[in-house]
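Coordinate-derived values only; no laboratory data. Just so it is clear, the structure is predicted and the values come from calculations on it, not from any experiment. Note: ideal-geometry Cβ built from the backbone for every residue, glycine included; neighbour counts use all protein chains shown.
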Amino acid sequence: MGDEEEATATLDATDMALVAQLGVRRQVREGEYLFREGDVTYDFFVLVSAEVEIVVAVDGGERVIVRHGPGRFLGELNMLSGLRVFVSARVVTAGEVVVVSRDRLRQLMATNPRLGDTILAAFVARRGLLMTGAAPAIRVIGSQFSPESLHIREFLTRTRVPHEWLDADRDPHVEALLQQFGLAATELPFVIATGTVLRRATPGGRTGRGRPPHHPWSTHDRRRG
């Protein structure tokens, strides 16, 4: 079974009934966001009749990564790892969903290994697809000659965090980003994540000023774009 097939696994009636016992049924409306890029945490959603698009913010708009319909469930590895959400879930067809808390999801996965394996395999496959599809969610801007930039890129790649690399020495878009966020080249490397700029970012380890624990890096300063 390939990543795409595992990522779009559909639950049968028996699995849906099991999930419903642990969750709450809820009606959702078109245009509603079930979770947004940058959220600290989110619930596990199973779609009964609603349809949802998974999107990532790109240059002021949204890029659709995948569309899920009835029988599908939402979420990926950060639901288990505690990192911020990389993508947003937008309802495109109103309908019913089952909402399961993260603790209840862990309970389900522990007590029903078969269903737990299906959910975990989907989460892993989706992270693989997000490595390219959701790369713009986190942009790393720095010099190819900078050890700090190299450390950030190696860290994000090793921990399988989707990201996009912009080389300040070659990429023509970097100057516009510097102007947009009021940054100087001396503040490189910096990371743009969900509209927040992390200046002189370094991977993990230290508790930089203002860095929440679910960010995979430290920073000396931060600024909203």
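Brief remarks follow.
- Cα centroid separation - segment 18-54 against segment 83-153, whole Å: 14
- Prolate/oblate/rounded call for segment 45-152, Cα gyration tensor, a/c under 1.5 rounded: oblate
- Residue by residue, segment 30-46 carries 3J(HN,Hα) couplings of 4, x, 6, 9, 7, 7, 10, 3, x, 4, 6, 8, 7, 8, 8, 10, 10 Hz when phi is fed to the Karplus relation 6.51 cos²θ - 1.76 cosθ + 1.60 (θ = phi - 60°); x denotes Gly or Pro.
- Rough spin-label spacing in nm, given labels placed 7 Å along Cα→Cβ, for Leu166 and Glu96: 4.6
- Close amide-amide hydrogen proximity is noted between Asp39 and Val85, each under 5 Å apart and 5 or more residues distant or on a separate chain (H modeled in the peptide plane; Pro and chain starts excluded).
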